[in-house]
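Visitor: Starting off with a structure, shown below.
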Amino acid sequence: MREHYRSTPLDDADLPPEPMEQFVHWFKDAAAGHLHEPNAMIVSTATPDGRPSSRTVLLKHFDHRGFVFYTNYTSRKGRELDANPHISLLFPWHPLTRQIIVTGTAARVGRDETAAYFRTRPHGSQLGAWASPQSSVIASRTELLGRYEELATRYPEGEQVPVPPEWGGYRVTPETVEFWQGHENRLHDRLRYVRAADEPTGWRIERLAP
């Protein structure tokens, strides 16, 4: 299986000085291209001894500080991030022949920020955050649904659901952000922002061989 990519070259001179500005441009393109869940990203974490794990998570917010997602802190990724904050994000926008690769460190967001986001979630998703002991072994789906039904009875539609104490957000502070644009003959563009304290913008841009 092989695809021959044809797209507009990504030129160093066309990039803004900071990576989040370029991320905004490409994210808007992905949304305008009607990609299914353009905010879906592959989140990779690792144990302190280097055993990796990956899963797809939805990006919920981004700004000049970085990228935010939410999860159960007792999940596998939560436990790994507490022990080893280094993380990688991958946005695989295949229909656009683009991908963005972020490396950096993750830290928990404040409880006020978590609570504000939790209030925007659909009622069912709020209950689901309580019902699921994420990444834990459970006996059956029936057990999971039973927990959910108990919570639905305790907190009917329209009643405020409290934020689970073990649930919240992580903000990923990027150290590198690579923008990958596919081209024919495998001569892809790979432009990477690297955090650099000695640069006026705080970032250095470098081109990588494909």
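Visitor: Might you work out the accessible area of SER54 for me, using a 1.4 Å probe with all protein chains in place, and round it to the nearest 10 Å²?
Guide: 80
Visitor: Continuing with the same structure: Given a 1.4 Å probe, how much area per residue of the chain is accessible, in Å²?
Guide: Normalised by residue count, the accessible surface of the chain is 56 Å².
Visitor: Calculate, for ALA115 and SER140, the FRET efficiency according to 1/(1 + (r/R0)^6) with r their C-beta to C-beta distance and R0 30 Å; round to the nearest 0.05.
Guide: On the way: r = 32 Å, r/R0 = 1.06.
The calculated FRET efficiency here is 0.40.
Visitor: From the protein chains alone at 1.4 Å, what is the descending order of accessible area for SER75, SER136, SER44, largest first?
Guide: Sorted descending by solvent-accessible area, the residues read SER136, SER44, SER75.
Visitor: Test of understanding: express the Cα radius of gyration of segment 132-210 as a ratio to 2.2 N^0.38 Å, with N the residue count.
Guide: Output field value: 2.03.
Visitor: Now for a different question. So, with a 1.4 angstrom probe, what is the percent of accessible area on the chain that is carbon and sulfur?
Guide: With neighbouring chains kept in place, the figure for the chain is 52 percent.
Visitor: Stokes-Einstein diffusion coefficient for segment 49-164 at 10 °C in a medium of 1.306 mPa s, Rh from the Kirkwood formula over Cα pairs: what value in µm²/s?
Guide: Here the translational diffusion coefficient equals 97 µm²/s.
Visitor: Give the accessible area for GLU184 in Å² (nearest 10); use a 1.4 Å probe, count only protein heavy atoms, and leave out ligands, DNA and RNA.
Guide: It works out to around 90 Å².
Visitor: Report the label-to-label distance for THR173 and ASP198 in nanometres (one decimal), using points 7 Å from each Cα along the Cα→Cβ vector.
Guide: 2.1
Visitor: Could I ask something else about it? Quick check on the chain: helices-only [θ] at 222 nm, where DSSP H runs of length 4 and up contribute -39,500 (n - 2.57) each and the sum goes over total residues. Nearest 500, please. Write down the numbers at each step before the final one.
Guide: Values: 5 runs with 53 residues, N = 210.
It comes out at -7500 deg cm²/dmol, rounded to the nearest 500.
Visitor: So in segment 85-182, what percent of DSSP beta bridges are antiparallel if you round to the nearest 5? Walk me through the intermediate numbers first.
Guide: Numbers: 19 of 19 bridges.
The antiparallel fraction comes to roughly 100 percent.
Visitor: Follow-up. Restricting to Cα pairs below 8 Å that are 6+ residues apart, what does the relative contact order work out to for the chain? Please round to a whole percent.
Guide: 24
Visitor: Which one, [x] 1.08; [y] 1.02; [z] 0.94, gives Rg/Rh (Cα atoms, Kirkwood Rh) as derived from the coordinates shown?
Guide: For Rg/Rh (Cα atoms, Kirkwood Rh), the calculated option is [y].
Visitor: About its Cα centre, what dipole magnitude does the chain give when the only charges are +1 on Lys and Arg Cβ and -1 on Asp and Glu Cβ, stated in debye to the nearest 20?
Guide: With only Lys, Arg, Asp and Glu charged at Cβ, the dipole is about 500 debye.
Visitor: Assigning unit charges at the beta carbon (Lys, Arg +1; Asp, Glu -1) and nothing else, what dipole magnitude in debye, to the nearest 20, does segment 154-210 show about its Cα centre?
Guide: Here segment 154-210 has a charge dipole of around 200 debye.
Visitor: For segment 113-199, calculate the relative contact order in percent as a whole number, restricting contacts to Cα pairs under 8 Å that are 6 or more residues apart.
Guide: After rounding, I find 23 percent.
Visitor: Placing +1 at every Lys and Arg Cβ and -1 at every Asp and Glu Cβ, with all other atoms neutral, what dipole size does segment 36-94 have around its Cα centre, in debye to the nearest 20?
Guide: The calculated dipole for segment 36-94 is roughly 100 debye.
Visitor: If a paramagnetic tag sat 7 Å from the Cα of ALA32 along the Cα-Cβ line, which residues of segment 157-194 would have the backbone N under 20 Å from that point?
Guide: 179-182
Visitor: How far is the Cα center of segment 6-42 from the Cα center of segment 117-135, in Å?
Guide: Result: 30 Å between the Cα centres.
Visitor: Placing +1 on the Cβ of each Lys and Arg and -1 on the Cβ of each Asp and Glu in segment 38-127, which of LEU81, PRO92, THR47 has its Cα farthest towards the positive end of the resulting dipole?
Guide: Highest projection toward the positive end goes to PRO92.
The values are calculated or read from the model by the stated rules, or taken from the named source; none is laboratory data. Since the model is a prediction, treat every value here as computed from it, not as a measurement. Don't worry about glycine lacking a Cβ; one is built from the backbone with ideal geometry, like all the others, and counts go over all protein chains shown. Side chains included, ligands, DNA and RNA excluded: accessible areas come from the protein's heavy atoms. Shrake-Rupley method; radii C 1.70, N 1.55, O 1.52, S 1.80 Å.
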